[in-house]
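Below is one structure, written out as structure tokens, with a few remarks after it.
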Amino acid sequence: MSRALPKYNKRRVGFIGGAAAVALSGTVIAGFALAGETPDSGGTNARTLAGPGTITCPDVTGELPAIPASAQAEVDRNLAQLTTQIEEANKRLVDTVGQGGPNFVQNAILGPLEDKRVAALNRIETAIGRAAEKPEGLEAFAACQLNADGGAGAGEAAGGEAGAGEEAGAGAEAGAGAEAGAGAEAGAGAEAGAGEEAGAGAGEGAGAGEAENAGAGSITCPNVASQLPAIPASAQAEVDRNLGDLDKQVEEANKRLVDTVGQGGPNFVQNAILGPLEDKRVAAINRIATAIGRTAERPAGLDSLAACTLTK
């Protein structure tokens, strides 16, 4: 009896220990499963509910003077373009969620939208000015703003992901305590492998970045001054000022080309730099044509000199 009892106790202890290990393993597995699922589902829902926001712009129609009949069609066409530009910007806002850096929306959507609106507003001013007094200062209504939705939701999503991470960490610690030396060695091996892969990826990323930085290219634009007719003395100062603006615009675009290397998608340079630059040039060129046209024949076709190209 006295010798049988220890054997019974050993079997009993072994059985209880095995059951406890199975229970702990089940807890760890469940913890890892929950930790793996919670961030995805919670983050997705939060992002879906939060949304990218909407872009709103000042209403221009209420700021216009009486429109001459001869200018009505052109004014209406440009007012319609202002509406279309906002719709396209809001669509792009949705299509590019998560792209670029923290200033992506300002650089790639709001900035180009403002430039397009300046060009359209200048065309409205010019159309009215052909048959009546030219309205001034409409450019003040060009800037738009982003009304972000669901900021709290985004914060809650971050909190949810942090919570999930804490649960995963707790589960991992429990697993480490429950599992014996073999499990710990396996985990160490997995971490080592992950570290090696991360190091290799970082090296490749650095190489790609250096390659991109090496060749940002440069932006070149047609020369406008050489295509101008004789400039009346009364228009000389305004023409010179806008020709200076054209040069400054190209310099700023080239600087931005270097500063934003690697940002956005494959069409980033066209959408965020070349497109806005063309819109700015159209506005400056229209101002030059209007200045000359006040005391002489207004030059036509200068808009064809607005588009610029990227030279690698």
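In table form, for the structure just shown:
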{"quantity": "Scope segment 51-80; condition of a type outside the set (K, R), assigned to a helix (DSSP H, G or I), open to solvent by 60 Å² or more (accessible area, probe 1.4 Å) and out of contact with any helix residue (DSSP H, G or I) (no Cβ under 7 Å at 6 or more places or on another chain); matching residues", "calculated": "G62, A69, S70, Q72, A73, D76"}
{"quantity": "Given (1) farther than 21 Å from R123 by Cβ; (2) open to solvent by less than 30 Å² (accessible area, probe 1.4 Å), number of the condition V239 does not satisfy", "calculated": "(1)"}
{"quantity": "Of residues in segment 265-292 being farther than 13 Å from P112 by Cα and open to solvent by 30 Å² or more (accessible area, probe 1.4 Å), the one farthest from the chain's Cα centre (by Cα)", "calculated": "R287"}
{"quantity": "Residue match in segment 143-153 (condition: modelled with pLDDT under 90, hydrophobic (A, V, I, L, M, F, W, C), over 18 Å from D279 (Cβ atoms) and assigned to a helix (DSSP H, G or I))", "calculated": "yes"}
{"quantity": "Every residue from segment 81-109 that is over 17 Å from A143 (Cβ atoms) and not in a helix (DSSP H, G or I)", "calculated": "T96, V97, G98, Q99, G100, G101, P102"}
{"quantity": "Counted residues, segment 299-312 - those being out of contact with any strand residue (DSSP E or B) (no Cβ under 9 Å at 6 or more places or on another chain), in a loop (DSSP other than H, G, I, E, B) and open to solvent by less than 80 Å² (accessible area, probe 1.4 Å)", "calculated": "4"}
{"quantity": "Close pairs (6 angstrom Cβ cut-off, 6 or more residues apart or separate chains): more than 17 Å from G275 (Cβ to Cβ) and at pLDDT below 95 in segment 67-91, surrounded by fewer than 16 Cβ atoms within 10 Å (Cβ to Cβ) and not β-branched (V, I, T) anywhere", "calculated": "P68/A131; P68/A132; S70/A131; A71/A131"}
{"quantity": "Scope segment 264-298; condition touching a helix residue (DSSP H, G or I) at 6+ places or on another chain (Cβ under 7 Å), in contact (Cβ under 8 Å) with a residue 40 or more places away in the chain and part of a loop (DSSP other than H, G, I, E, B); matching residues", "calculated": "G264, R294, T295"}
{"quantity": "Every residue from segment 110-134 that is part of a helix (DSSP H, G or I) and among the acidic types (D, E)", "calculated": "E114, D115, E125"}
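The values are calculated or read from the model by the stated rules, or taken from the named source; none is laboratory data. Just so it is clear, the structure is predicted and the values come from calculations on it, not from any experiment. Glycine gets a Cβ as well: all are built from the backbone with ideal geometry, and neighbour counts include every protein chain shown. For accessibility, only protein heavy atoms count, side chains too; no ligands or nucleic acids. Shrake-Rupley method; radii C 1.70, N 1.55, O 1.52, S 1.80 Å.
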